[in-house]
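Structure, as structure tokens:
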Amino acid sequence: MSTNATSTDQSRSAAQLPFPFGPLLLAVLPNSGPVAGGNTVQLLGVGLSGATSVLFGTTPATIVSQDVLGLTVTIVVPANAAGTVPVTVTTGGGTSNSVFYTYVNPSTPAPPTATSITPASGPVAGGTPFVIAGTNLNGGTVNVNGVPATVLGSDPTGILLFGIIPAGTAAGNVPVVVTTAAGTATVPGGYTYI
């Protein structure tokens, strides 16, 4: 009889136990992003259901959604200075352990380079389609002897820039300069009006 009583007490105790260790945070995916924040990340763990707050360091994040199983919480990252901060989740069961998230400054865009223009010559009247080869040419503008060329676009990798040569003032060789937000590049050999 005493054995049955013990067994019943153990069953009752097990049924009354809450999630055994409160929220457990395993990862932030991705675990890095811009200092400006605003990007969406997913927290992975156990016992995360009913999350009431997520802190990046001491700054609260915006909770977007959470799954009913308590395995994921999707949040919008708050802004913060560059560096690594602890991330914690608070639920009705307590506050989780910390995992870490790294804020990074946006990389400075590389300046353009220009290696050639094809064709390298054309009539003084202009109107000749051209291709400039180089690197980091995305969003570039082109001046031929100080006169803006019509830029039609660049390829996605930024190694080619397409446009139309403007009219020149006289026959001869003139400089061709590509300008982007990160700097300028002069095309070797320039362009020759004939």
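Some points to look at:
- Spin-label model, THR62/LEU160: points 7 Å from Cα along the beta carbon direction are separated by 4.1 nm.
- A Förster radius of 45 Å combined with the Cβ-Cβ distance from LEU69 to THR118 puts the calculated FRET efficiency at roughly 0.15.
- Computing FRET efficiency as 1/(1 + (r/R0)^6) for ALA125 and ALA181, where r is the C-beta to C-beta distance and R0 is 35 Å, gives about 0.65.
- Helix axis angle, 2-16 relative to the chain longest principal axis, alpha carbon, degrees: 30
- For region 96-153, the C-alpha radius of gyration divided by 2.2 N^0.38 Å, with N the number of residues, is 1.94.
- For region 154-194 versus region 77-122, the inter-centroid distance based on Cα atoms is 33 Å.
- Of LEU55, LEU69, LEU26, the order by accessible heavy-atom surface (1.4 Å probe, DNA, RNA and ligands excluded), from most exposed downward, is LEU69, LEU26, LEU55.
- Under 5 Å between amide hydrogens, built in the peptide plane, is the criterion, and for GLY153 it picks out PHE162 among residues at least 5 positions away or on other chains.
- Gained length - LEU152 relative to THR52, 0.36 nm times residue gap less alpha-carbon distance: 30.9 nm
- Taken over the C-alpha atoms, region 120-168 has Rg and Dmax values of 10.6, 31 angstrom.
- Measuring nothing but how far apart in sequence close Cα pairs (under 8 Å, 6+ apart) lie, relative to its length, the chain scores a relative contact order of 17 percent.
- Solvent-free Debye scattering, log10 I(q)/I(0), computed from the Cα coordinates of region 54-194 at q = 0.09, 0.16 Å⁻¹: -0.50, -0.77
The values are calculated or read from the model by the stated rules, or taken from the named source; none is laboratory data. Because the structure is a prediction, the values reported are computed rather than measured. A quick note on method: Cβ atoms are made from the backbone with ideal geometry, for glycine too, and the neighbour counts reach across all protein chains shown. The area values use the complete protein model at the heavy-atom level, side chains included, leaving out ligands, DNA and RNA. Shrake-Rupley method; radii C 1.70, N 1.55, O 1.52, S 1.80 Å.
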